[in-house]
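The values are calculated or read from the model by the stated rules, or taken from the named source; none is laboratory data. In this text, all values refer to a predicted model and were calculated from it rather than measured experimentally. With ideal geometry, Cβ positions are generated from the backbone for all residues, glycine too; neighbour counts draw on all protein chains shown.
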Amino acid sequence: MAKKLNIPGRKVSQGAFSAFVPAPLPPQLDWTPRLLRLLSDADRLVGQLAGEGARLPNPHVLLRPFTWREAVLSSMIEGTQATLGELLAAEAGIAVERSPDDLREVGNYVIALEHGIELLKELPLCVRIIRELHEKLMTGARGHHAARGEFRKIQNWIGRPGCTPATASFVPPPPDEVEPCLAGWEKFLHASDLPPLVTIALAHYQFEAIHPFLDGNGRVGRLLITLFLVERKILPTPLLYLSAFFEASRRDYYESLRGVSERGEWAEWIEYFLLGIARMSEDALNRSGQINGKLTDWQRLVAGESSKLPARLVELLAANPFITAKAGAEKLGVAFTTSQRAIERLVQLGIVQQVGSAKRDRVYCARALLDILEEPAHLTPVIA
């Protein structure tokens, strides 16, 4: 007997092509043993990550480099080439050779995420937040002409460069269907009684299917995952990001989304999404554990120093492994020469190393921390 399809939406004729309008959420789900097992694993690992985040003495310090890492990976999916080291160096006020456009686009991702976290103090996750995220993302960036913060008024489509709507791999809803679809998306988020991780899996698919902006839909969609986890208090701070998983399994990601739109394969999409949650929770636990262990070791090294400045500099390195004497002086409220002497003590202890051979305006880096942050996630790109 043929498998009964859980119809994901309807096709709307637009003359030479048809556009896809997703059906309102939620679909009818088949709670297979595999789906339940993956949900249990994802819930358990996210819970462990939440516990780790709650135990951090200053979670916002660790949050900053994790946020920059996600910004780099999410922007990389869209073709931006900036590396994490370059972004952290630029944030520390150090000149880098990377294109200003690349730096701005990744920086905008961080600005948008932080803006979203602030908005959640006053609003639930909603259409207004979506628009404000997009406005922050696109300000001053390539594609900023694409009506930042405004839903599209013309048809868009997804496919190979140079394709037309008639030859595209996916054509999202016509412009007049965008806002009604988003209104239904928002209603589902607020009313869903499904497990939270299943709710956001469905909501992420639906947002990407609606594709409400001319540009930046992927980045907004990935931001919404993190913001949902914080809003629902699943995580105390935004430590979990899925861009590395989506990038490592890019083909599976797009095939799973297409499987829903074309064949109603909801369970397969949710399984893929939950696997990503579990894998990235493991990665974040491992990465944060390594960073905390390194910082603890360094604090022990400087504990016996007559000055407290080396210990305070180690705290600054947790937020950004790059440091200069000028930045240290400004952040700690001490003289430049005092900051320089404290940094030189960290050099002697092997905590930081000078980058380059400049005699003035010297730059230092806690390479061990940067290596932990830059290490690729150890992910299997196919569903187990």
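Inspect all residues belonging to the range 307-325 and state whether any of them is in a helix (DSSP H, G or I) and without any contact (Cβ under 8 Å) to a residue 12 or more places away in the chain. Break it down stepwise before answering.
Initial filter on the range 307-325 (in a helix (DSSP H, G or I)): 309-319, 325.
Pick out the ones that are also without any contact (Cβ under 8 Å) to a residue 12 or more places away in the chain and you get none.
The answer is no, given that none of the residues of the range 307-325 is in a helix (DSSP H, G or I) and without any contact (Cβ under 8 Å) to a residue 12 or more places away in the chain.
How about the range 104-116: which of its residues are under 21 Å from Ala318 (Cα atoms) and either surrounded by 17 or more Cβ atoms within 10 Å (Cβ to Cβ) or touching a strand residue (DSSP E or B) at 6+ places or on another chain (Cβ under 9 Å) (or both)? Step through it out loud before you land on a result.
Of the residues in the range 104-116, the ones under 21 Å from Ala318 (Cα atoms) are 106-107, 109-111, 113-114.
Scanning the range 104-116 gives Val106, Gly107, Tyr109, Val110, Leu113.
Scanning the range 118-127 for residues that are buried (at least 17 other Cβ atoms within 10 Å of the Cβ) and assigned to a helix (DSSP H, G or I) yields a total of 1.
The single condition among (1) closer than 22 Å to Arg55 by Cβ; (2) in contact with a Leu (Cβ under 6 Å, 6 or more places away or on another chain); (3) at pLDDT 90 or above; (4) aliphatic (A, V, I, L, M) that Leu349 does not meet is (1). Taken together, the residues in the range 286-320 that are within 19 Å of Phe66 (Cα to Cα), hydrophobic (A, V, I, L, M, F, W, C) and not assigned by TED's automatic domain parsing to the domain that holds Ala366 amount to 2. Taking the range 196-279 as the region of interest, the helices (runs of 4 or more DSSP H) fully inside it that hold 1 or more residues being among the β-branched types (Val, Ile, Thr) are 196-210, 217-231, 250-263.
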